[in-house]
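Participant: Provided herewith is a single structure, encoded as structure tokens, for subsequent inquiry.
The values are calculated or read from the model by the stated rules, or taken from the named source; none is laboratory data. Everything numeric in this text was worked out from a predicted model, so none of it was measured. Reconstructed Cβ throughout: ideal geometry from the backbone, glycine too, with neighbour counts over all protein chains shown. To get the accessible areas, we keep the full protein, side chains included, count just its heavy atoms, and leave off ligands, DNA and RNA. Shrake-Rupley method; radii C 1.70, N 1.55, O 1.52, S 1.80 Å.
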Amino acid sequence: MKYASFVLVMATVLAVAFIAGCTSAPEKEASNQTSPATESQTKDRYVQINLLDGTSVGGKYVSETAAFTTIDVMYTLNPKAYTFYNNSFDSYVKDPDKYIVRGNGAEIAIKNDLIDTMVTIEDPEQIIVKAQQEVKDEIAAAQNAYEEKIKNAQIEKAKYEAERAKSQPTGKKHSD
């Protein structure tokens, strides 16, 4: 009887080991093969995280837990980073040094309570280039407006001086 129960236990252990071995082998084969599904899973995912204060951070998605989302930062956008152009109070433009700041790829964890939205993006470099172009365009428009303002001021000054010259006496004395 002891021998029969020993054989039954051994048969059960071998059966379980055999079943486990049979089910794990196809997974190893499947993982060695390259398929479109596994290729897209290993592809890097890029995200832009929009924070509650309006700032956006973009980069390579690393991980997410219940408390934190971790990314490798490639850029930071600060929509509140404006400055006065040429110390003129009527030309308020995006600050080229602070509006978009290129990241160095450092891994940071952002507390999920501070995140407003997180969106998947295709290419962070395109967003960086687009934001930098927006800043350049805005500064160019401010420069054109500034030059137009100076030109108009010079025209007005010339008109004023011409009117003033007409209204001043020529130096002749009138006789009564």
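Participant: Any residue in segment 123-135 that's more than 18 Å from Ser91 (Cα to Cα): show its pairings with residues that are open to solvent by less than 10 Å² (accessible area, probe 1.4 Å) and in a helix (DSSP H, G or I) at Cβ separation under 8 Å, as long as the two are six or more apart or on different chains.
Facilitator: Hits for this filter: zero, empty list.
Participant: For Asp97, state whether it is open to solvent by 70 Å² or more (accessible area, probe 1.4 Å), modelled with pLDDT of 85 or more and closer than 30 Å to Lys149 by Cβ.
Facilitator: yes
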